[in-house]
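Data block below; observations after.
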Amino acid sequence: MDYLLPGDILITRNLLEEDNQSIGYWNHVSIYVGDDKIVEAQSAPYNKVIQSDLSEFFSRYPFILVIRHKDGYLAANEAKKYIGLTYRAIASVFRHLRRSRRGENCVSVVRKSYFKVYGRDPDWKSPDSLVWDALYNKQEFELEIVHEKPDDSWRGIWTE
């Protein structure tokens, strides 16, 4: 895996524990939609689902895991439909909130986008649960850890 494809899932982790506000090891998840853009749900200052430039995204996170699903293109197209929806921190945690249209968090955007691929809810509650699913479903996923932050000329994935 030496470049990003639409549907690639980017999972991030701040290296300093004091910067990690999440309950798990991984902090945040987004989905690459092509044309150097990602879709992600962000709290302050946006408080909604946004489309971000890939270079800006990489400037925020020092450690990135890329997960590729063999049918990610469908999920990328679905993710674009969530742009502009309200941010809601617990949208993916409790089952009764998952069908709610009162807001999305980073995991629920990716989970609902991949619902289209799977034809069922993949049941991801946190970035950690998404990583574990990918680790155990190797026939559907590829994983690669990105250690270096790319510069402005980035067009691929930097690895160790």
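A few comments on the model shown:
- A DSSP coil position with no more than 13 other Cβ atoms inside 10 Å describes the following chymotrypsin sites (Phe, Trp or Tyr not before Pro) in segment 46-79: TYR46.
- A simple spin-label model places pseudo-atoms 7 Å from Cα toward Cβ; at LYS48 and ARG120 they are separated by 3.5 nm.
- Of ARG111, ARG88, ARG120, the sequence from fewest to most neighbouring Cβ atoms within 10 angstrom is ARG120, ARG88, ARG111.
- By other beta-carbon atoms within 10 Å, ranking ILE38, ILE31 with the fewest at the front produces ILE38, ILE31.
None of the figures in this text is laboratory data; all of them are computed from the coordinates on show. Keep in mind it's a predicted model, so treat the numbers as computed, not measured. With ideal geometry, Cβ positions are generated from the backbone for all residues, glycine too; neighbour counts draw on all protein chains shown.
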